[in-house]
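The values are calculated or read from the model by the stated rules, or taken from the named source; none is laboratory data. The structure presented is a predicted model; accordingly, all values stated were derived computationally and were not measured. Methodologically, a virtual Cβ is constructed for each residue, glycine included, from the backbone with ideal geometry; neighbour enumeration extends over all protein chains shown. Calculation scope for accessible area: heavy atoms of the full protein, side chains included, ligands and nucleic acids excluded. Shrake-Rupley method; radii C 1.70, N 1.55, O 1.52, S 1.80 Å.
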Amino acid sequence: MSAAILIVAEHDGSTLAAGTAKCVACAATVAQAEITVLVCASDAAAVARQAAQLQGVHRVLTVEHPVHAHPLAAAIAPQIAALAAPYTHVFGPSSTFGKDLMPRIAALLETAQVSDIMAVESPRRFRRPIYAGNAIVTVEVPEDAKVVGTVRTASFPAAGTGGSARIENVAPPAEPPAHTRFVSSSAAKSDRPDLQTAARVISGGRALGSAEAFQMLYRLADKLGAAVGASRAAVDAGYAPNELQVGQTGKIIAPELYVAIGISGAIQHLTGIKDARTIVAINKDPQAPIFEVADIGLVGNLFEIVPQIEKLL
Amino acid sequence: MMKRIIVGIKRVVDYNVRIRVKPDGSGVALDGVKMSVNPFDEIALEEAIRIKERGLAEEVVVASVGPTDCQAQLRTCLAMGADRALHVHSDTPTEPLTTARILLKLIEREQPFLVLLGKQAIDDDNGQTGQMLAALWARPQATFASKIVLAEGKAQVTREVDAGLETLEVDLPAVVTADLRLNEPRYVKLPEIMKAKRKPLETLSVESLGITPRVQLRTVRVDPPPQRQKGMLVENAAELIAALKAKGLLAS
């Protein structure tokens with residue numbers, strides 16, 4: 001049996017988000033998949049053109065309504081639910097956009113959701129992380145239910161471009177509710193890369209000892225083009241703001257390079273970094289648990305080592 | 001009508017526990033493991049209590065779906081400052097959609113102006129219940145909240161999204177899910193734990209709410225995550241940089 005997969009596009013009104021191409025790559029691993037990308041926007045033309053170029057996409061649907069100028073789950077979900085009937089699967093990215101939206105769609109379709117799909121074992125069988133990635137569960141969706149899922153974007157490459165799917169506009173099938181209104185948005189005011197998506201992250205722990213010492217990490221991060229993170233202990237001690245917290249109760253990240261400086265490696269921190277490609281640990285305690293997961297470890301005084309690294313870069 | 005907030009909480013493995021996958025792949029070993037209120041739900045409850053302390057709500061009702069043991073977590077919530085607790089008894093785990101259906105029944109009974117939940121539970125990491133509840137209730141949702149400002153019949157909620165912060169205005173009643181930065185939950189003091197023992201805790205059955213639990217997803221197996229390769233130790237900053245260059249992580 002072939003699969004008809006509907007992918008909800010994430011975009012900012014002009015540019016298709018990278019997560020959508022990763023959803024397409026995930027969907028393409030489902031056997032005999034016919035992939036449709038749906039763009040809800042106030043003016044969908046530019047985003048639809050980008051979606052149509054993704055390799056593996058058969059068709060792009062656009063639903064245009066002024067309310068879709070902003071990605072409101074309460075407005076988008078009824079459109080998707082109303083259009084979902086012909087599809088066996090409905091996928092969205094496991095970004096804050098998809099995490100917000102997809103369960104609302106699943107509930108309208110009265111079906112369970114598979115969150116954070118990291119691998120497709122069969123058209124109805126998926127692997128996903130639980131306990132912050134400390135266990136991987138394989139789940140199966142029954143034959144009589146639609147598969148609704150979010151795709152863990154870190155687990156899939158982006159689909160290539162060069163395709164030319166046809167684009168069809170459909171009239172909004174649902175009248176969006178008026179009870180939810182967009183007020184404003186503000187991008188994080190940092191010149192540094194975003195912690196969640198940065199390729200390199202420099203993180204500091206309690207051993208930094210002060211907010212002033214944390215400035216040393218910012219300098220190093222700037223030299224490396226890295227984002228700055230912090231352990232919960234450093235945040236609790238007031239050395240770094242909350243939004244930098246990496247760990248199970250903070251941000252779960254998967255950078256190419258993670259440098260843990262003065263971080264002992266509490267379980268809740270390690271669960272937030274286990275998907276990092278390369279972990280570097282600098283700590284004066286050779287018994288610190290961080291060394292159990294580090295690819296490269298350096299035992300020593302961070303207040304001597306960090307300035308030396310900075311000088312050598 | 002009393003201005004009421006419902007807070008949904010889940011009993012989960014404490015965030016400091018290093019969990020172990022059972023060798024037969026049937027699940028995660030939970031025997032004798034320390035259990036706690038899901039940290040994000042604790043933040044949701046703290047926010048509800050603060051709203052009440054500001055005089056913007058009259059009652060905070062905490063609700064949980066789970067086995068008899070989850071009454072311990074409900075008592076913790078009462079000690080934190082919730083006024084009463086509702087325990088919907090279920091010995092088997094409920095899928096988020098069933099949990100949402102149960103919460104909707106409680107909403108119909110309690111008529112809250114605000115429902116607060118954590119953005120996700122740290123066991124299953126589904127992150128679905130709040131959004132599903134809002135959909136079934138046909139009411140607004142504001143997920144990943146880092147700030148909630150209440151006005152007459154409305155709420156402005158600032159959300160932590162990938163691009164930064166987004167502010168929505170929602171009509172009440174609405175469902176809001178708490179993110180990490182919303183607040184820092186208070187510590188419970190001993191006198192409050194004693195006092196909480198006398199606060200009302202009502203137990204309901206899933207069936208008495210007219211709900212038949214549905215299990216849709218079948219767990220095929222649970223595996224431990226792939227192990228990381230054993231790393232190397234370097235002696236100094238120069239060796240570290242050389243090692244990073246050798247891995248292609250720094251330009252040489």
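Observations
- Any hit, region A:18-31, residues being in the same structural domain as A:R166 (by TED's automatic domain parsing), outside any helix (DSSP H, G or I), of a type in the set (K, R) and open to solvent by 50 Å² or more (accessible area, probe 1.4 Å): no
- Residue selected from region B:110-168 under the condition basic (K, R) and in contact (Cβ under 8 Å) with a residue 24 or more places away in the chain, by the criterion nearest to B:I43 (Cα to Cα): B:K119
- The residues listed here are B:T167, B:T203; of these, the one that is open to solvent by 40 Å² or more (accessible area, probe 1.4 Å), of a type in the set (S, T, Y) and at pLDDT 95 or above is B:T203.
- Residues of region B:1-45 satisfying the condition of being assigned to a loop (DSSP other than H, G, I, E, B), open to solvent by less than 40 Å² (accessible area, probe 1.4 Å) and touching a residue at least 24 places away in the same chain (Cβ under 8 Å): B:I9, B:G25, B:G27, B:N38
- Odd one out for B:D91, checked against (1) assigned to a loop (DSSP other than H, G, I, E, B); (2) within 14 Å of another protein chain (Cβ to nearest Cβ); (3) acidic (D, E): (2)
- Residue tally, condition within 11 Å of B:V170 (Cα to Cα) and modelled with pLDDT of 95 or more, over region B:139-152: 7
Residue-by-condition table, conditions (1) open to solvent by less than 30 Å² (accessible area, probe 1.4 Å); (2) more than 7 Å from chain B (Cβ to nearest Cβ); (3) outside any strand (DSSP E or B):
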position	(1), (2), (3)
A:E110	no, yes, yes
A:R127	no, yes, no
A:T138	yes, no, no
A:E143	no, yes, yes
A:P157	no, yes, yes
A:E175	no, yes, yes
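- Taken over region A:253-294, the residue count meeting the criterion of being of a type in the set (S, T, Y), over 23 Å from A:A211 (Cα atoms) and in contact with a strand residue (DSSP E or B) (Cβ under 6 Å, 6 or more places away or on another chain) is 1.
- Within region A:246-258, if we keep just the residues that are facing chain B (nearest Cβ under 9 Å) and open to solvent by less than 10 Å² (accessible area, probe 1.4 Å), the residue that is modelled with the highest pLDDT turns out to be A:L257.
- Condition check for A:A234: on the phi < 0 side of the Ramachandran plot, surrounded by 20 or more Cβ atoms within 10 Å (Cβ to Cβ) and either of a type outside the set (S, T, Y) or more than 19 Å from the chain's Cα centre (by Cα) (or both): yes
- Flag if B:E239 is surrounded by 12 or more Cβ atoms within 10 Å (Cβ to Cβ), at pLDDT 90 or above and among the charged types (D, E, K, R): yes
- Residues that are more than 8 Å from every other protein chain (Cβ to nearest Cβ) and of a type in the set (G, A, S) were ranked within region A:262-280; the one that is farthest from A:D236 (Cα to Cα) is A:A276.
- When we screen A:R125, A:R104 for residues that are among the charged types (D, E, K, R) and under 19 Å from the mean Cα position of the chain (by Cα), the only hit is A:R104.
A quick yes/no check of all residues on (1) open to solvent by less than 30 Å² (accessible area, probe 1.4 Å); (2) out of contact with any Ser or Thr (no Cβ under 9 Å at 6 or more places or on another chain); (3) not polar (S, T, N, Q):
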| residue | (1), (2), (3) |
| --- | --- |
| B:R50 | no, yes, yes |
| B:E53 | no, yes, yes |
| B:V61 | yes, yes, yes |
| B:D91 | no, no, yes |
| B:T99 | yes, no, no |
